[in-house]
Amino acid sequence: LNIHLMNTFFNVSDLGNLTQALAEVREVKNNRFGFQPLGKNKTLLMIFFNNSLRTRLSTQKAAMNLGMNVIVLDVNAGAWKLETERGVIMDGDKSEHLLEAIPVMASYCDLIGIRSFAGLVEREFDYAETIVNQFVAYSGRPIFAMETATVHPLQAFADLITIEEHKKSERPKVVLTWAPHCRALPQAVPNSFAEWMNAADVDFVITHPKGYELDPKFAGNIKVEYDQRKAFEGADFIYAKNWSCPGVTRPSDYGKILCNDPAWTVDQEHMSWTNNAYFMHCLPVRRGLIVTDDVIESPQSLVIPEAANREISAEVVIKRILEGL
Ligand code: CP
C-alpha cells in the first residue's frame, strides 16, 4: 500500500483515497499488533473537555495496539479551569489560559487527540472550531479530532467500515434519519456521517423535520426527503441520530430543539418500510426516544460491531500520523 501521510484528522479528505484507506483497515484489522515499532517511545495525549466512553477506550486501545504510551487528561476533572478568550482579565474561576496550557501539554507528547463539543450558543464560534484550531496553531503537534464542535471523523470512519463489512449490494442505500431527544445535541456526528457518506460509494438520503438542515459544507448537495417513510423505503442501512438546529435556514434557532415528535422514533414499523435494513447509531443512545428496545436488540442492529470498529478507525488514523512523524 502507498502511505498517505497525515498531520491532522478532521475531515474525510484528510484520509486521502478512501478505497486505499479501507484496504488499510483490513490490513490493520487482520494484524492489529503488527505495527508496534511505529509507536515505540511515542506518547499520545488524549484531552477531554467532555465525557466519553467509546472514544476514550477505543482510542487508548488503538494507541496501545501500536505500542504507544498514552496520557489521558480530563480537563474538567483535576486540571485548572481554562480561559479560551484573549484580552480578558482573568479574575474569575479560570486559573490558566489555553495559550500557555497548549504548548505545555504539547511538550509532554508526540501527538494530541481532542474532544471539545459545541457550546451550541454561538454558531460562528462553534463552526469556526475556535478551541481546536488553537491547538492546531499553537501545539506544534499533529492533532486529531475525538469529536469537536462540528465533526466526529473517527466515528464516521468506523461507520463506513461497518457499512462496508455488512453491505449486500455494491451501492447500498444509506439513510441518515433525525430522531427525537430530550436535550439539545451538537451536529458533529450527523455532519461527519453526511460528509463521509457523500465521499463513499453509497446511495445516501437524509431525512429530518423542517428546520434541521445540516450545513452544506458537510451535507453537500444531498436532497433532503422530509417524508421519513419515503426515505426509509428500500433502505439497506438506517443511521439514526438526534441533532439540534444547525441554524442554516434561521441562525437565531442555532442549538435549539425545534421538534420532539415521537413519530420520528425508529421502531419496528419504521424498519418494516426498509429493505430489511441494518440499524446503526453511534451510541450512547436513549432508548424510547431515538429507537425502541426491540429494534436496537434485533439481529439487524449493528451498534456493537459499529462501536468495536472505533478501535480500528483510531488505529488506522494514529498509524498514519505516526508514519509521518
Ligand atoms: N460514539 C462516541 O463517540 O461515544 P462516546 O461519546 O462514548 O465516546
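The values are calculated or read from the model by the stated rules, or taken from the named source; none is laboratory data. All values reported here derive from a predicted model rather than from experimental measurement. Cβ: placed from backbone, ideal geometry, glycine included. Neighbour counts: every protein chain shown. For the accessible areas, the whole protein counts, side chains as well, though only heavy atoms, and no ligand, DNA or RNA atoms are used. Shrake-Rupley method; radii C 1.70, N 1.55, O 1.52, S 1.80 Å.
Here are some notes:
- On inspection, PHE117 qualifies as at pLDDT 95 or above, open to solvent by 20 Å² or more (accessible area, probe 1.4 Å), over 24 Å from THR265 (Cα atoms) and within 15 Å of the chain's Cα centre (by Cα).
- Within segment 57-74, the only residue that satisfies the criterion of being buried (at least 20 other Cβ atoms within 10 Å of the Cβ), more than 13 Å from the ligand (Cβ to nearest atom) and not aliphatic (A, V, I, L, M) is ASN65.
- Where a residue in segment 171-190 is closer than 15 Å to ASP159 by Cα and its partner, wherever it lies, is charged (D, E, K, R) and in a loop (DSSP other than H, G, I, E, B), with Cβ under 6 Å and at least six apart: PRO172/ASP236; LYS173/ASP236; ALA188/GLU147
- Given (1) free of Cβ contacts under 8 Å to residues at least 24 places away in the same chain; (2) open to solvent by 30 Å² or more (accessible area, probe 1.4 Å); (3) not charged (D, E, K, R), index of the condition HIS97 fails: (2)
- Residues in segment 75-91 that are open to solvent by less than 60 Å² (accessible area, probe 1.4 Å) and away from the ligand (no atom under 16 Å from the Cβ): ALA79, LEU82, GLU83, THR84.
- Within segment 15-56, the residues that satisfy the criterion of being part of a helix (DSSP H, G or I) and open to solvent by 40 Å² or more (accessible area, probe 1.4 Å) are THR19, GLN20, ARG26, GLU27, LYS29, ASN30, GLN36, PRO37, LEU38, ARG54, ARG56.
- If you filter segment 279-303 down to residues that are open to solvent by less than 30 Å² (accessible area, probe 1.4 Å) and assigned to a helix (DSSP H, G or I), you find that the one that is farthest from ALA188 (Cα to Cα) is VAL295.
- Qualifying residue in segment 232-249 (condition: buried (at least 16 other Cβ atoms within 10 Å of the Cβ), at pLDDT 95 or above, part of a helix (DSSP H, G or I) and touching a Cys at 6+ places or on another chain (Cβ under 6 Å)): no
- Leading residue by the ranking (nearest to the ligand (Cβ to nearest atom)) among those in segment 103-144 that are more than 16 Å from THR8 (Cα to Cα) and among the β-branched types (Val, Ile, Thr): VAL121
- Looking at SER169, SER192, just one residue is small (Gly, Ala, Ser) and part of a loop (DSSP other than H, G, I, E, B), and that residue is SER169.
- Each residue in segment 1-14 was checked for being surrounded by fewer than 14 Cβ atoms within 10 Å (Cβ to Cβ) and either within 30 Å of GLU83 (Cβ to Cβ) or at pLDDT below 95 (or both), and 4 of them qualify.
- Cβ-Cβ under 9 Å pairs, at least 6 apart or on other chains, segment 47-66 side in contact (Cβ under 8 Å) with a residue 24 or more places away in the chain, far side within 9 Å of the ligand (Cβ to nearest atom) and open to solvent by 50 Å² or more (accessible area, probe 1.4 Å): PHE48/ARG56; LEU53/PRO284; ARG54/PRO284
- Answer residue from segment 147-192, given it is away from the ligand (no atom under 13 Å from the Cβ) and charged (D, E, K, R) and is surrounded by the most Cβ atoms within 10 Å (Cβ to Cβ) among those: LYS173
- Restricting segment 121-146 to residues that are open to solvent by less than 50 Å² (accessible area, probe 1.4 Å) and farther than 22 Å from PRO186 by Cα, the residue that is nearest to the chain's Cα centre (by Cα): PRO142
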